[in-house]
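Below is one structure, written out as structure tokens; the observations come after it.
The values are calculated or read from the model by the stated rules, or taken from the named source; none is laboratory data. On a predicted model such as this, the values are computed, not experimentally measured, just so you know. Heads up, the Cβs are rebuilt from the backbone with ideal geometry, glycines too, and the neighbour counts pull from every protein chain shown.
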Amino acid sequence: MFEHIVAFKFNEKYNPQHERQLLESLLSFKGRIPGIVDMSAGVNVTEETDNIRGYTLGLRVTFEDQQSLQQYGPHAVHQQFVQLLDGIIESVIVIDYPIAK
């Protein structure tokens, strides 16, 4: 299995009204994109260090295998979500790794 973790940082054009639409879109991936075993998404509420300041939305997706992860990026459902980010995204952190057994 493979884990896919993403943190989103938005620019000044982002407003909290986007939050619900983005979360609904992310949470709709399971059952619509093949190979997703489990997932979660949510708004960052950490009171930890300043080095993640501004990263307000997080996503974690567990895939069956590396091939499922590779097919996820170009999948139409994922690309619809990417279009929602147009004009409001400042940066994204992505981490993909095999889950050790």
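Overview of values
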| quantity | calculated |
| --- | --- |
| Failed condition for GLN67, given (1) assigned to a loop (DSSP other than H, G, I, E, B); (2) closer than 28 Å to ALA100 by Cα | (1) |
| Residue within region 52-64 that is assigned to a helix (DSSP H, G or I) and at pLDDT below 95 present | yes |
| Sole residue being of a type outside the set (Ser, Thr, Tyr), modelled with pLDDT of 95 or more and outside any strand (DSSP E or B), chosen from VAL77, VAL94 | VAL77 |
| Residue ID - nearest to ILE89 (Cα to Cα), chosen from residues in region 1-51 that are at pLDDT below 85 and in a loop (DSSP other than H, G, I, E, B) | ASN15 |
| Members of region 1-35 that are more than 18 Å from ASP65 (Cβ to Cβ), surrounded by 15 or more Cβ atoms within 10 Å (Cβ to Cβ) and in contact with an Asp or Glu (Cβ under 9 Å, 6 or more places away or on another chain) | PHE8, LYS9, PHE10, TYR14 |
